[in-house]
Amino acid sequence: MKNYNHYEIEDFLIDETFADWVRGVQNESSEEWEEWLRQNPFKQPLVHEAQILFQSIQVKPGHDIEDHEVENMIFDMQQRIQPPRRIGRWPMIRVAAGLFFMVSVGVAVGVYLKKSDRATSAYQYLVSTSSQPLIERKNTTGASIFVHLPDHSSVVLKPGARISFDPAFKGQQRVVYLEGEAFFEVTKNPDRPFYVYANDLVTKVLGTSFVINAEPGGEKASVAVMTGRVSVFSRNGHETKVTKHAEQLAVVLTPNQQVEHHCGDSRLLKGIVTKPQLIQKSDQVSTFDFSDTSLTEVFAKLEKAYGVRIIYDEETMAKCPLTASFTNRPLFEMLTIICKAVEARYEVLDGQIIVYGRGC
């Protein structure tokens with residue numbers, strides 16, 4: 001197997017086996033690329049960026065360009081940013097790849113790649129590769145709009161958001177493509193999972209409610225769960241279908257948990273939503289009265305009410321008494337007051353709340 005560890009973005013772009021792999025061509029080289037990525041996961045962000053640039057080259061040519069025109073432009077740009085070096089005559093695809101690499105590091109060539117084109121490339125690319133005819137719903141108003149889906153699921157589109165989907169939801173999967181922010185309430189159907197593609201995130205659900213925000217430009221996407229459970233995983237820029245390998249790496253979210261993904265980073269950052277909501281709506285749950293109550297009981301009640309896990313040193317902190325009364329207070333505000341009362345502190349890590357303290 002060839003060693004690609006020394007490759008930079010421009011090296012990937014001019015490698016013909018890499019180009020075939022991005023296009024989805026199945027051969028020995030594509031298997032070699034998959035194996036190399038499995039062995040070198042730290043290279044995934046760099047490879048992902050190269051994939052996005054390569055796909056941009058294929059979609060937005062601007063106008064037909066002569067080889068000598070592009071070579072002259074590249075030479076002129078290099079003169080400004082680094083000592084001159086000799087440029088050979090590359091085949092057309094390699095010259096174009098080199099040009100787009102220069103664009104990616106901040107050298108603007110507007111006629112070849114405009115920022116507004118890149119802003120919608122992820123959504124447009126996914127929609128264009130669908131095997132089924134799709135319809136699009138776009139919110140061009142200044143307020144949220146309600147969209148009914150064929151399976152009786154519903155979507156609330158925020159201003160500027162848009163979705164595309166098969167009007168009949170044919171096949172074994174229900175698939176929706178999203179750009180912007182939307183709130184989903186999905187009808188349960190264990191035999192036909194529901195998938196939402198948003199930038200480089202894929203969310204799989206059977207029946208639940210959640211919010212997805214796929215920022216235009218593809219730089220960031222997030223998923224926050226209101227009810228039920230979802231699994232979220234990232235896709236490579238060239239992937240348009242769900243793979244078993246991707247699903248095996250999924251992050252499972254429960255109510256009040258969220259995950260964020262940034263373009264060029266293979267990690268999924270799991271956390272807790274900014275304003276956790278009660279998962280049990282009742283007067284008994286929304287009012288928290290504690291009188292010389294042990295922290296074990298306090299944390300247990302909060303865990304049950306919000307569906308989040310609170311981890312602490314039970315040996316040193318469990319018997320610490322708390323006297324306090326909270327009515328309709330945000331979770332994090334209550335935690336701040338509780339920790340101050342028992343001389344502790346907390347932080348959110350991997351979708352859980354960790355409390356640190358010396359005990360009583």
- Task: Could you please let me know if GLN258 is surrounded by 15 or more Cβ atoms within 10 Å (Cβ to Cβ) and either farther than 30 Å from GLN173 by Cα or of a type outside the set (Lys, Arg) (or both)?
- Result: yes
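This table checks each residue for (1) surrounded by fewer than 12 Cβ atoms within 10 Å (Cβ to Cβ); (2) free of Cβ contacts under 8 Å to residues at least 24 places away in the same chain; (3) farther than 27 Å from THR227 by Cα; (4) in contact with a Pro (Cβ under 8 Å, 6 or more places away or on another chain).
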| position | (1), (2), (3), (4) |
| --- | --- |
| SER266 | no, no, no, yes |
| VAL298 | no, no, no, no |
| ARG309 | no, no, no, no |
| PRO330 | no, no, no, yes |
| ALA341 | no, yes, yes, no |
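Out of all the residues in the stretch 311-328, which are of a type outside the set (Gly, Ala, Ser), open to solvent by 70 Å² or more (accessible area, probe 1.4 Å) and more than 16 Å from CYS360 (Cα to Cα)?
Within the stretch 311-328, the first condition is being of a type outside the set (Gly, Ala, Ser), and the residues that meet it are 311-317, 319-323, 326-328.
In the following step, the residues that additionally are open to solvent by 70 Å² or more (accessible area, probe 1.4 Å) were identified as 313-315, 319, 321, 323, 327-328.
Passing the criteria: THR327, ASN328.
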- Query: Looking only at the stretch 334-355, which residues are farther than 22 Å from VAL259 by Cα and touching a strand residue (DSSP E or B) at 6+ places or on another chain (Cβ under 9 Å)?
  - Reply: MET334, THR336, ILE337, ILE338, CYS339, ALA341, VAL342, GLU343, ALA344, ARG345
- Wholly within the stretch 11-81, which helices (runs of 4 or more DSSP H) include no fewer than the required count, namely at least 1 residues that are modelled with pLDDT under 55? 44-59, 67-81
- Query: What single numbered condition from (1) out of contact with any strand residue (DSSP E or B) (no Cβ under 8 Å at 6 or more places or on another chain); (2) open to solvent by 10 Å² or more (accessible area, probe 1.4 Å) fails to hold for ASP289?
  - Reply: (1)
- Looking only at residues in the stretch 125-148 that are assigned to a strand (DSSP E or B) and either open to solvent by less than 70 Å² (accessible area, probe 1.4 Å) or basic (Lys, Arg) (or both), which one is nearest to LYS188 (Cα to Cα)? VAL147
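Filter the stretch 149-189 for residues that are assigned to a strand (DSSP E or B) and touching a Ser or Thr at 6+ places or on another chain (Cβ under 6 Å) and give the result. Reasoning before the result, please.
From the stretch 149-189, those assigned to a strand (DSSP E or B) are 154-157, 162-165, 174-185; that's our starting set.
Result: VAL156, TYR177, GLU185.
Going by what's in this entry, would HIS238 be described as open to solvent by 60 Å² or more (accessible area, probe 1.4 Å), out of contact with any Ser or Thr (no Cβ under 6 Å at 6 or more places or on another chain), modelled with pLDDT under 90 and not β-branched (Val, Ile, Thr)?
Working: open to solvent by 60 Å² or more (accessible area, probe 1.4 Å): no; out of contact with any Ser or Thr (no Cβ under 6 Å at 6 or more places or on another chain): yes; modelled with pLDDT under 90: yes; not β-branched (Val, Ile, Thr): yes.
So HIS238 fails the test.
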- Query: Looking only at the stretch 162-187, which residues are of a type in the set (Asp, Glu) and buried (at least 22 other Cβ atoms within 10 Å of the Cβ)?
  - Reply: GLU179
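The values are calculated or read from the model by the stated rules, or taken from the named source; none is laboratory data. Keep in mind that this is a model prediction, so the values were computed, not measured. Please note: Cβ atoms are built from the backbone with ideal geometry, for glycine as well, and neighbour counts cover all protein chains shown. Heavy atoms of the whole protein, side chains included, go into the accessibility calculation; ligands, DNA and RNA do not. Shrake-Rupley method; radii C 1.70, N 1.55, O 1.52, S 1.80 Å.
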